[in-house]
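Heads up: the structure comes next, in structure tokens.
The values are calculated or read from the model by the stated rules, or taken from the named source; none is laboratory data. Quick caveat: nothing in here was measured; it's all calculated off a predicted structure. Here the Cβ positions follow ideal geometry from the backbone for every residue, glycine too, while neighbour counts run over all protein chains shown.
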Amino acid sequence: MSFNITHGNTYKDKPTGRSLPLYYSRHFAPTTNFKTKNKKRIMLLKGFLLSVVLYLIYYFASHTLNNLQFTLFNNEVDWKDVQLKVRQAMLDSWHTYEKHGWGTDVYHPLLETGENMGPKPLGWMIVDSIDTLMIMDCPEEVERARLWIKDVDYKFNYEVNNFETTIRMLGGLLSAYHLSNEDEVYLNKAIELASSLAGAYDSPSGLPYASVNLQTGKGIKNHVDNGASSTAEVATLQLELKYLAKLTGDVQWWDKAQKIMQVLDSNNVVDGLVPIYVNVDTGKYQGKLIRLGSRGDSYYEYLIKQYLQTGESVYYEMYRESVEGVRKHLVGKSKPSGLTFIGELERGVINGGGLSALSNKMDHLVCFYGGTLAVGATKGLVLEEARKQPWWDAEREAHFKLGEELTYTCYKMYHDVDATGLSPEIVVFNNDPEKDTDFYIKRLDRHNLQRPETVELLFYLYRITGDEKYRQWGYEIFNNFMKYTKVVNDKGEVSFTSLNDVTSFNQDGSPKMRDNTESFWFAETLKYLYLLFDDADTIDLREYVFNTEAHPLPVFKPDEGFKTWSRAK
Ligand code: DMJ
């Protein structure tokens, strides 16, 4: 209506001061003739009208398009097909490894050669990967791997890291035993390996030494860090040892696992947060640095997973305390978008903590924590079910919410990296209001080691909520791995490798590759991606716990004679 008033006959006939209050006085010189003036006014009004119409079109279109895009995306993506693509990536890269590196512990896809870490192979690749091949239903590949495992020797003169060997080899063998319907080959090998590692636990405190000689059984202190073991390493052996105890009835494995937790807990830490080093002679924590990244991470993961594995409530208590500690002291928000991150306390919890002491650095490793929070809150049930349970409460809801927020942050650590859309090893979140990006990446932290934590997290969140966005995010990440980490030789053989830098390319536009395929690419990253796109709920979270290397182990009730300890305080 108001448009007609100013645009109608009033202009044409006889402009008056009253009818032109908005345009006349300052914008038009008094000497301008009325015809020109009217033309200009009409043009201005037309322009105004056009912008309003364009704005309205834009407004409605963008809203409708968002929904439409979502619907189209959903209808277009056949998740079964995506799952098969993940399986194909596994098979392609596995076949190349079989051809050029079979049996070796380390594989270099650019040189197309493998090597062992010690004088003889440990099965670092084969044992870590066999349960992925089982889950993806690849019987021929499994059979070749099984024949290799049958002959591997775990008693030779070589020093291995007790934690890495336990989570990858022992975990892999135990999982293969379970998934193969109890093929004794795997359990026998697991027992042989565990016996070679047992000497690691013969320390004054009962905490394991960092390394052990497979032949002599002698435990060896860490060569650096004043001989301290790392906290995550001593507290991430329990799922494997306890399941071995269950299978063999041999209580020594149970006792070794429990003793460690009891010694650690006797430190009475503030708010459940633990320094990342521990002294194996005294059983006391060493140093002050607290973080959920390297050397701290899976301590927190195995608290809840031990509870989920056997139902021992002491671990839920420790877990709850630690989550409250994380919420109180470690959670930060980035600027400008307010992404939730988990920072580090370089000087520990001082004067009651407080965000002032928080460092904004976050390892990609920390992304495991979102999945841990989600499965910890719901006990592996889908969210809707969990919310109906009598044990559901505001605290669990808050844990779950923090897990959800962290999931978005971890997705953004991929999505916001312009060049490759792949996450670097470490980011630093921004709290400067003047800057317009939520995190930055230091020069030495730009590499990508094919790590699993974010796709692991997406798998948990999708399983628990059924929200399709987690699959879409996972699909985006999978596509970027396919695009930027794929190595194809002149025979068309495919491998995937780590990157030196996710933020830029070589001059010829190729990705900056590092010549190494991590065993957890097969064991974890591809496995979690495959399960993210799975509709059959393979590996039901109510019946299994994944060890920290993604080897699923069944939950069980502890036998008589397997004792739970009580907390001192
Ligand atoms: C794996 O060996 C395990 O997931 C471990 O707990 C952490 N680091 C790697 C993967 O990033």
Is one or more of the residues making up the stretch 151-171 assigned to a helix (DSSP H, G or I), modelled with pLDDT of 95 or more, more than 16 Å from the ligand (Cβ to nearest atom) and over 20 Å from Val545 (Cβ atoms)?
-> no
Go through (1) free of Cβ contacts under 8 Å to residues at least 40 places away in the same chain; (2) closer than 23 Å to Leu458 by Cα and name the single condition Lys442 misses.
-> (2)
Every listed condition ((1) under 17 Å from Pro275 (Cα atoms); (2) away from the ligand (no atom under 16 Å from the Cβ)) holds for Asp393 save (1)
Here the residues within the stretch 172-196 that are closer than 28 Å to Glu543 by Cβ, outside any loop (DSSP other than H, G, I, E, B) and not hydrophobic (A, V, I, L, M, F, W, C) are Gly172, Ser175, Tyr177, His178, Glu184, Tyr186, Asn188, Lys189, Glu192
Pairs where the first residue, in the stretch 549-560, is touching a residue at least 12 places away in the same chain (Cβ under 8 Å) and within 16 Å of the ligand (Cβ to nearest atom) and the second is among the β-branched types (Val, Ile, Thr) and assigned to a loop (DSSP other than H, G, I, E, B), C-beta under 8 Å, 6+ apart | Pro552/Ile539
Conditions (1) within 15 Å of the ligand (Cβ to nearest atom); (2) in contact with a His (Cβ under 7 Å, 6 or more places away or on another chain); number of the one not met by Glu112 = (1)
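Residues checked against (1) modelled with pLDDT of 95 or more; (2) among the aromatic types (Phe, Trp, Tyr); (3) more than 16 Å from the ligand (Cβ to nearest atom):
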residue	(1), (2), (3)
Lys333	yes, no, yes
Phe341	yes, yes, yes
Gly352	no, no, yes
His364	yes, no, no
Lys388	yes, no, yes
Just checking, which of Glu524, Glu476 is closer than 29 Å to Pro336 by Cβ, within 20 Å of the chain's Cα centre (by Cα) and not in a strand (DSSP E or B)?
-> Glu476
The one condition in (1) crowded, with 19+ Cβ neighbours inside 10 Å; (2) touching an Asp or Glu at 6+ places or on another chain (Cβ under 6 Å) that Lys242 fails to fulfil = (2)
Within the stretch 512-569, residues hydroxyl-bearing (Ser, Thr, Tyr) and either under 22 Å from Tyr299 (Cα atoms) or surrounded by fewer than 23 Cβ atoms within 10 Å (Cβ to Cβ) (or both) come out as Ser519, Thr525, Tyr528, Thr538, Tyr544, Thr548, Thr564, Ser566
Conditions: (1) over 27 Å from Ile304 (Cα atoms); (2) within 16 Å of the ligand (Cβ to nearest atom). Leu237 meets all but one. Number of the miss?
-> (1)
Could you check Thr409 against (1) outside any loop (DSSP other than H, G, I, E, B); (2) under 22 Å from Pro511 (Cα atoms); (3) polar (S, T, N, Q) and say which number it fails?
-> (2)
Test: residue in the stretch 217-233 that is modelled with pLDDT of 95 or more, crowded, with 23+ Cβ neighbours inside 10 Å and assigned to a loop (DSSP other than H, G, I, E, B) = yes
Selected residue (only one of Glu301, Glu346 is more than 18 Å from Lys361 (Cα to Cα) and among the acidic types (Asp, Glu)) | Glu301
Can you name the number of the only condition in (1) in contact with a Leu (Cβ under 6 Å, 6 or more places away or on another chain); (2) buried (at least 22 other Cβ atoms within 10 Å of the Cβ) that Thr465 fails?
-> (2)
Enumeration of residues in the stretch 120-132 that are assigned to a helix (DSSP H, G or I), within 14 Å of Trp102 (Cβ to Cβ) and not small (Gly, Ala, Ser) = Ile126, Val127, Ile130
Restricting the search to the stretch 236-275, which residues are assigned to a loop (DSSP other than H, G, I, E, B) and under 25 Å from the mean Cα position of the chain (by Cα)?
-> Thr236, Leu237, Leu273, Val274, Pro275
Among the residues of the stretch 276-286, is there at least one that is within 16 Å of the ligand (Cβ to nearest atom) and under 15 Å from the mean Cα position of the chain (by Cα)?
-> no
Please verify whether the stretch 493-504 includes one or more residues that are under 18 Å from Thr407 (Cβ atoms), in contact (Cβ under 8 Å) with a residue 40 or more places away in the chain and of a type outside the set (S, T, N, Q).
-> no
Of those in the stretch 527-548 that are in a loop (DSSP other than H, G, I, E, B) and among the hydrophobic types (A, V, I, L, M, F, W, C), the residue farthest from the ligand (Cβ to nearest atom) is Ala536
Residue satisfying all of: in the stretch 292-316; of a type in the set (A, V, I, L, M) and within 16 Å of the ligand (Cβ to nearest atom); nearest to the chain's Cα centre (by Cα) among these | Leu292
Ser294 vs. criteria closer than 17 Å to Asn547 by Cα, surrounded by fewer than 19 Cβ atoms within 10 Å (Cβ to Cβ) and either in contact (Cβ under 8 Å) with a residue 24 or more places away in the chain or in contact with a Leu (Cβ under 9 Å, 6 or more places away or on another chain) (or both) = yes
Residue check, Arg320 in a helix (DSSP H, G or I) and touching a residue at least 40 places away in the same chain (Cβ under 8 Å) | yes
For residues that are among the β-branched types (Val, Ile, Thr) and over 19 Å from Phe522 (Cα atoms), scanning just the stretch 419-458, find the one that is farthest from the ligand (Cβ to nearest atom).
-> Thr437
Those residues of the stretch 365-387 which are surrounded by fewer than 23 Cβ atoms within 10 Å (Cβ to Cβ) and in a helix (DSSP H, G or I) amount to Leu365, Leu383, Glu384, Glu385, Ala386, Arg387
Positions within the stretch 516-526 being near the ligand (Cβ under 8 Å from one of its atoms) and farther than 10 Å from Met125 by Cα, in sequence order = Glu524
